[in-house]
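Encoded as structure tokens, the structure appears first; notes follow it.
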Amino acid sequence: MNKSILLITIIFSLTSVALDYKDFGKLPFFSNVTISPDGEKIAALANIEGKPYIVVTEFGSTNFNPIASLKNEYDRLEWIEWANNKKIIFQTSKAEKARERTFRVYDLNTIDSDGSNFKIIENKSIYKDKQNSYISKYESISLVDILEDEENKILVSNYDPRERAVAIFEVNLKNNRFKKIESPFTDSDGDRVTSFIVSEGKIQFADFYDSDEGIAKIFYRPNKDDSWTEIYRANTEDLATDNFYVGGVDKNDGNLFIYSNFDSNYSYISKFNVETGKLSKPIYSKEDHEIASLDVEDGEIKMVCYERFTRECDLFDPEENGIIKSLKKSFPDHYINISSYSKDFSRFIATIRNSNSPGKYFGFDKKTGKSFFISSQYPQLENKVNSITKVIEYKSRDDYQLYGFLTLPEGVKNPPIILFPHGGPTARDRIDYFDPWLQAMVSQGYAVFQPQFRGSAGWGKDYQISGYRESGKKMQNDMIDGFDYVVQNYDLNGKKACIVGASYGGYAALTGSFQSQDRFKCFVSIAGISDFTKLLRSETFFRGSAKMNKIMHGDAFEDKEYLDSVSAINYTDTIERPILLIHGTYDTQVPHNQSSMFYNKIKNSNVSVEYFEIPKATHYFDEQGNRLVMFREIERFLAENLN
């Protein structure tokens, strides 16, 4: 292709022209910006005129060349990574349907950085049989590791019909030849272990999870010729409360770097002695923060990221940590992380962001001391978002300490307020993350409150556990209590309010429609849940997660009375307020019949309920046209009911 994007010409306008859904509903212009191992090139995912592309340029240049895109607009470019200095590996996916459920099928592909030599990574030799080809369609290939010491080789996980299970293959990217290097093994319990984890090019870890029995196990071996040793075992009850993640192997003593929350409300890093089976005392922790990630390279801890109100990272190399501190001085009130770096760390990409400013990518060269701007994630929104985000600490009606975030439109007195609960429910919001959906509502003059209700992740073990089996009860009360708190303590128009949410947030909006319609004028449910009982029964059949769901939400059969009591579909004759329902037919998380059934049941008794069923839209509305429809209808609906 000779088409290019000259990013250096982007001007961040200060114009006062009002923004609308067309500005905020655009997919990120740039994302997944990554630097080649030798530091000579940069690749990224770019959305050009609503279509995703892989783009490449020389380090130091902003003249990006598109080298690949997808033919089907509803397929997804999931991520890209450099396989070596010349070749890029990327994952694509498409939606498939089976037994009334939608799921995604993933493919791995490679392409040279100049746009030549496109290949699909597939093991054709074992799929000549038609039945095997059918199986392979539903057993997606996945990248396990890029072998840095062998320029054209990667490790993948792929279904092997000879094993009737997943195995690990080494793939030669020059000729697409597969060589099986790891087969499933049977442990002392008679369980077949098929999942392997690579640490720095070596297959040293394996894990096993039986959702029916509720048993999880992790195995370790120092070298390929050694026997597998079980180092961790947990039942479903343990998994619902504790975590145990292996980061890598300490090069000095052979112990394992672990982050876990055993005997602690918050997670920490310690070392695990394989011979004794014991954890050391914590070697790293941040008070009242959760460890979010642990990066180990060459047998040493390179980086640890942690979360509370924001996500921040500590780099263990003094020079690298000094770079981060220097950048923070240059970009006050912004959050900075090094998102990609060359093998020798002489060049790197930094992402700089906050809740009210789109993420920006900068390239840095340590040898020359020079830096350059690469792109904004949302260039059309740069310097146009005028909002203020505050951390809110409040108590629930039963005196539980809770948190939330309130974003206010600058210069607007007594604005209407949107209650905007997150999905999950074991998810969270942060104030270092720029959310176009939130800012779209703020730009229309609404204040937005994001409650971090009980059951949310990232606030400690006790906080999350306290939300188990509390959907529609304490979790819902936490949202309403937060709403009441900010209305009482800030200049907000509590008489003009709406609940807006997606996924579990959509469930919260629908639950509010029958529990709290005296407080809110309208409700918006995007891919939301109206029938918790039906959803959990569907999850049991399709995902085999009944034991975990029973702990977190309730048993789909034994707890039917409770689940029915907190499901909006059973209250359609009492709901009087306007509701906007939007759901995509390619939703792989919440079946779209959760919205269609609710609408069909309520449409005759409440004509103010609207339903938009969007063909081929996913749970995340990640196709440009579908996303714009969602943003457009939310903007219209809120204006009609709050202004």
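How do the peptides 39-45, 420-426, 179-185 rank, highest first, by the average count of neighbouring beta carbon atoms within 10 Å per residue?
420-426, 39-45, 179-185
Excluding ligands, DNA and RNA, what is the solvent-accessible area per residue of the chain at a probe of 1.4 Å, expressed in Å²?
44
For the chain, what does -39500 (n - 2.57) per DSSP helix run (n ≥ 4), summed and divided by total residues, give at 222 nm, in deg cm²/dmol to the nearest 500?
So the helix-based figure for the chain works out to -5500 deg cm²/dmol.
Which log10 I(q)/I(0) values does the chain give at q = 0.08, 0.10 Å⁻¹ under the Debye formula, counting every alpha carbon as one identical point scatterer?
Results for the chain at q = 0.08, 0.10 Å⁻¹ read -0.64, -1.06.
Any aspartates and glutamates with Cα under 19 Å of the Lys328 Cα? List them, leaving off those in the same chain fewer than 8 positions away.
Result set, ordered by chain and number: Glu307, Glu312, Asp314, Asp317, Glu319, Glu320, Asp365, Asp432.
List the lysines whose alpha-carbon lies under 20 Å from that of Lys174, not counting same-chain residues fewer than 8 positions away?
Once the sequence-local lysines are set aside, what remains near Lys174 is Lys86, Lys87, Lys119, Lys124, Lys153.
Of the heavy-atom accessible surface of the chain (probe 1.4 angstrom), what whole percent is carbon and sulfur?
45
Rounded, prolate or oblate, given the Cα gyration tensor of the range 370-494, with a/c below 1.5 counting as rounded?
oblate
Averaging over every viewing direction, what projected area does the convex hull of the Cα atoms of the range 125-278 cover, in nm²?
That works out to 11.1 nm².
Which links in Lys343/Lys384; Lys26/Lys474; Lys395/Lys521 stretch past 30 Å when you go from one Cα to the other?
Lys343/Lys384; Lys26/Lys474
Show the residues, 5+ positions off or on another chain, whose built amide H is closer than 5 Å to the amide H of Ala68.
Ile54
Per residue and in Å³, how big is the convex hull formed by the alpha-carbon atoms of the range 510-643?
Normalising the Cα hull of the range 510-643 by residue number yields 109 Å³.
What is the spread of the Cα atoms of the range 190-282 along each of their three principal axes, largest first, in whole Å?
Principal-axis extents of the range 190-282 (Cα, largest first): 33, 33, 22 Å.
So for each of 331-343, 377-389 I average, over its residues, the number of other beta carbons within 10 Å; can you give me the resulting order with the highest mean first?
377-389, 331-343
Taking a cut-off of 12 Å between Cα atoms, list the aspartates and glutamates near Lys603, but don't count ones fewer than 8 places away on the same chain.
Asp573, Glu576
For the range 287-366, what does the alpha-carbon gyration tensor say about shape, rounded, prolate or oblate, given a ≥ b ≥ c as the root eigenvalues, a/c under 1.5 as rounded, and a/b over b/c as prolate?
It comes out oblate by the Cα gyration axes.
The values are calculated or read from the model by the stated rules, or taken from the named source; none is laboratory data. These numbers were taken from a predicted model, which means no experiment stands behind them. A quick note on method: Cβ atoms are made from the backbone with ideal geometry, for glycine too, and the neighbour counts reach across all protein chains shown. The area values use the complete protein model at the heavy-atom level, side chains included, leaving out ligands, DNA and RNA. Shrake-Rupley method; radii C 1.70, N 1.55, O 1.52, S 1.80 Å.
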